[in-house]
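Remarks on the structure that follows.
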Amino acid sequence: MNNSSITAIGVYHPYGKIDNAFFESRLDTTDEWIRERTGIESRYFVAADEYTGDMCVNAALDMKKKFNVDFEDVDFIIVASMTPDQTIPNVASQVQTRLGIRNTGAVDICTACSGFCYGLIMAKGLIASGAYRKVLVFGADSMSRAVDFNDRNTCILFGDAAGCVLVESGDENDLFESISGTDGSMGKDLYLSSCKTSINGSEISADGKIHQNGRAVYKWAVTTLSEGLGNLAARNGISLDDVDCFLPHSANYRMLEAVFKNLGIPMSKCIDSVRKYGNTSAASIPMAWYEGLLSGRIRPGDSLMLMGFGAGFTYAGICLRNMLDWSRVAE
């Protein structure tokens, strides 16, 4: 079996910074209300002519600049996104041509906020099969294009961003055991539809906007993350105390505080991206990873536990060893 390791990372967020004050003049809300309930201080929105594929390309170019990566021999591209530029062609194929990669497979996956972890699990499997050696995995979403700005409880949460990592085969194995699961019966509690007007027999609004039952989503997410972290640790034969840093999906900082308090894990071990970037869906984990590297909180050799959870309802997690060394990154 071929081993795999993550050898480079890149991220991108749009230039349009949106502070909480943006919503104060549009909705019955305040900066204090948003911070108190979510911890979110700001987020970034794409420009009118900027899309998910553009952010993916810019994240890859950031990776190339920082880690001196050559994309020529990348042989598979995975883009996790619930907000593709269009249904077909897929985003991955557009990334392929814009980066000038000649011989590569290209696939999009749609598991919302758990997408990046699903992409890593797939990349590990592709390399383990011996058929592929170098896989680009993206998590990217333009959430501002999908929210209803009249829905106070939803639109304040989301932001736009893209992150990517390069998974390569090698002598050492740094991607360990994973878990994944689904509860499709709750599909009606978090959805985005443009055509079908029912899910599992329940009527929905097919208006192309995100709809969520906040209470149901919050309860499921807290339970899933709490149990999932413990199950993932057991799957890897370790305790939660053995983990250096946790990178859960950044949906709501207050939710993360509740989960880590219940588990008895100090928040200093939890690295988030939600306070600075909002909920960026599939991009939230690579954005947090990048921030952890930049701040020095994540160091070479650290054990990381990633856990994504979101619409579907889907979840996925993986343990890995961080081999990215920020001290060697090109300025």
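The values are calculated or read from the model by the stated rules, or taken from the named source; none is laboratory data. Computed from a predicted structure; not experimentally measured. As a convention, Cβ positions derive from the backbone with ideal geometry for all residues, glycine included, and neighbour counts pool all protein chains shown. To get the accessible areas, we keep the full protein, side chains included, count just its heavy atoms, and leave off ligands, DNA and RNA. Shrake-Rupley method; radii C 1.70, N 1.55, O 1.52, S 1.80 Å.
Quick one: how many residues across the range 113-134 are in contact with a strand residue (DSSP E or B) (Cβ under 8 Å, 6 or more places away or on another chain) and either over 18 Å from S178 (Cα atoms) or of a type in the set (D, E, K, R) (or both)?
Here the count works out to 4.
When you go through G317, G296, G278 one by one, which is the residue that is open to solvent by 10 Å² or more (accessible area, probe 1.4 Å) and either closer than 14 Å to D244 by Cα or not hydrophobic (A, V, I, L, M, F, W, C) (or both)? Talk me through it step by step, then tell me what you get.
On the way: G317 fails: open to solvent by 10 Å² or more (accessible area, probe 1.4 Å); G278 fails: open to solvent by 10 Å² or more (accessible area, probe 1.4 Å).
Result of the check over G317, G296, G278: G296.
Has the range 156-175 got at least one residue that is free of Cβ contacts under 8 Å to residues at least 12 places away in the same chain and of a type outside the set (V, I, T)?
Checked the range 156-175: no residue is free of Cβ contacts under 8 Å to residues at least 12 places away in the same chain and of a type outside the set (V, I, T).
Identify, by number, the condition in (1) open to solvent by 10 Å² or more (accessible area, probe 1.4 Å); (2) farther than 23 Å from K17 by Cβ; (3) in contact (Cβ under 8 Å) with a residue 60 or more places away in the chain that M307 doesn't meet.
(1)
Any idea which of G208, G163, G187 is at positive phi and either open to solvent by less than 40 Å² (accessible area, probe 1.4 Å) or at pLDDT 90 or above (or both)?
G208
Where the second residue is open to solvent by 40 Å² or more (accessible area, probe 1.4 Å) and part of a loop (DSSP other than H, G, I, E, B) and the first is farther than 20 Å from V69 by Cβ and in contact (Cβ under 8 Å) with a residue 40 or more places away in the chain and lies in the range 100-124, which pairs have Cβ atoms under 7 Å and are six or more apart or on separate chains?
A112/M82
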